[in-house]
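The values are calculated or read from the model by the stated rules, or taken from the named source; none is laboratory data. This structure is a prediction, so every number in the text was calculated from the model and none was measured. We place every Cβ from the backbone using ideal geometry, glycine too, and count neighbours over all the protein chains shown. The protein model used for the area step is the full one, side chains on, heavy atoms only, and it has no ligands, DNA or RNA in it. Shrake-Rupley method; radii C 1.70, N 1.55, O 1.52, S 1.80 Å.
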Amino acid sequence: KLKSKSKVNIGLRIINKRKDGFHNIHTVFQELDFHDILTISKLSSGCSFSSNVDWLDDSSDNLCIKAYNLMNENYDIGGISIGLNKMIPPGSGLGGGSSNAASIIKAINELYELKASYSDLEKISSQIGADVPFFIRGGVQLGEGLGTKLTQIKKKINGFFMLVIPDFQINTSWAYSKSKILLEKPSKAVNFKYQMEKKHIPFELFENDFESIICPSYPEIGVIKDELQAYNACYTSLSGSGSTVYAIFNEKADAKSAELQLSKSHITFITTP
């Protein structure tokens, strides 16, 4: 039984478009304690899956099933039974599906005593999705390239993270397709890892490029950010391409006050790194 945790992006720069059609990025991943629960046990063969939500089934599109299939291909293991208690909403930019896949990979490594290294597991997980390798080690990491070139950052961000999840999803492919205009404008690159390691993190430098793309089409994102700022948030941002907006508060009382107001019209959670 294990916690499958969420993440937010502390800043996200879209660097350029690659020849393969994907984009290189520069971002900081921060793992959060807000999580799903996975219960995993051995079976003689195959993969059985159950969940508390009706939008997930045992099809090959399920990232949990993909994770099992890849581990089976690489290590010729027996089967597993997966029970998933889902809390992280889909399409929220919090990495729930990616985290579930990484958790399955780590659980199989432990259940079957494979003794695979983190590097081995990251290599396998990169075949599932760009965010999955981050969740193998978790914590705080710089993500470059597709987000799969990872560098550990020792410093975590202290404080209380309030997550605000609007009742709409944002299509990531659509958001990236709109980045062409952004990439035509020259911009100064900020080294997020260097800024993270300062005694006082200059949050004003941690821009998320998706905000300038998404806010004109989804003005509610800007409204939520303004409301959070009014409660003394030291930083507010989209996570990835959204739709989650989050704020970091130094004081739990401020986070609670903000939640009291915003939970009237949105799904909200308060969590910690």
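Report the FRET efficiency, 1/(1 + (r/R0)^6), for Phe22 and Lys256, where r is their Cβ-Cβ distance and R0 is 35 Å, rounded to 0.05.
0.30
Please name whichever of Pro219, Asn250, Asn191 sits farthest to the positive end of the charge dipole of the stretch 178-273, dipole taken about the Cα centre and charges placed at Cβ: Lys and Arg +1, Asp and Glu -1.
Farthest along the dipole direction, towards plus: Asn191.
With every protein chain present, what is the per residue accessible area of the stretch 205-273 (1.4 Å probe, Å²)?
43
Using only the alpha-carbon atoms, how far is helix 63-75 inclined from the longest principal axis of the chain? Give it as 0 to 90 degrees, nearest 10.
50
With an 8 Å cut-off on Cα pairs and a minimum separation of 6 or more residues, tell me the relative contact order of the stretch 14-109 in percent.
33
Compute the angle between helix 219-229 and the longest alpha-carbon principal axis of the chain, please, reported from 0 to 90 degrees and rounded to the nearest 10.
In the chain, helix 219-229 runs at an angle near 80 degrees to the longest axis.
Return one number: the angle in degrees, 0 to 90 and rounded to the nearest 10, between the long axis of the Cα atoms of helix 96-111 and the longest principal axis of the Cα atoms of the chain.
40
Grab the beta carbon distance between Ser177 and Tyr75, set R0 = 35 Å, and tell me the FRET efficiency rounded to 0.05.
For Ser177 and Tyr75, the calculated efficiency is 0.40.
Set the Förster radius R0 to 30 Å, insert the Cβ-Cβ distance between Ser117 and Lys154 as r into 1/(1 + (r/R0)^6), and round the FRET efficiency to 0.05.
Using R0 = 30 Å, I get an efficiency of 0.90.
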